[in-house]
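Okay, structure first, notes after.
The values are calculated or read from the model by the stated rules, or taken from the named source; none is laboratory data. Remember, it's a predicted structure, so these values are computed and weren't measured experimentally. Neighbour counts are summed over all protein chains in view; Cβ atoms, including those assigned to glycine, are modelled from backbone coordinates with ideal geometry. Only protein heavy atoms, including side chains, enter the accessible area calculation; ligands, DNA and RNA are left aside. Shrake-Rupley method; radii C 1.70, N 1.55, O 1.52, S 1.80 Å.
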Amino acid sequence: MMNDKTMEFSIGTEQEQEIRKIILMVYEALKEKGYNPINQIVGYILSEDPTYITTHNNARNLIRRVDRDTLLQNLVKFYVAP
């Protein structure tokens with residue numbers, strides 16, 4: 001007998017989880033190096049200058065894996081989503 005239930009696949013959720021993981025790892029790396037993580041991440045988002053992000057724990061390479069617009073969309077969505 002076949003299952004009539006429709007499977008739902010949501011790539012957005014997986015992508016959002018990966019972005020969240022990257023932001024948290026970058027945040028921790030900045031904190032460990034003594035930087036203000038919020039200011040540094042905002043500086044990166046506004047300028048797209050990777051030097052705002054430390055190379056400690058590969059944070060700079062990690063944040064550059066996420067498109068800046070996608071990063072900003074996810075941050076805004078976090079605050080306005082129900």
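For semi-axes √(5λ) of the Cα gyration tensor in Å, the value calculated from this model appears in (1) 29, 21, 10; (2) 32, 14, 11; (3) 18, 14, 11 under label (2).
The helix-based estimate of mean residue ellipticity at 222 nm for the chain, built from -39,500 (n - 2.57) per DSSP H run of four or more residues and divided by its residue count, is -20000 deg cm²/dmol to the nearest 500.
On the chain, 52 percent of the accessible area sits on carbon and sulfur atoms, based on a 1.4 Å probe. The charge dipole of the chain, taken about the Cα centre with unit charges on the Cβ atoms of Lys, Arg (+1) and Asp, Glu (-1), comes to about 260 debye, rounded to the nearest 20. The calculated FRET efficiency for Asp49 paired with Thr13, based on their beta-carbon distance and R0 = 25 Å, is about 0.25. Full extension of the chain between Val42 and Asn57 gives 3.5 nm of extra length, using 0.36 nm per residue less the Cα-Cα distance. Neighbours of Arg68, meaning other residues whose beta-carbon lies under 14 angstrom from its beta-carbon, give a summed charge of -1 when Lys and Arg score +1 and Asp and Glu score -1. The local environment of Pro37, defined by Cβ-Cβ distances under 12 Å, has a net charge of 0 under the rule Lys, Arg +1 and Asp, Glu -1.
Taking a Cβ cut-off of under 11 Å around Glu48, the surrounding Lys, Arg, Asp and Glu residues balance to a net charge of -1, with basic ones at +1 and acidic ones at -1.
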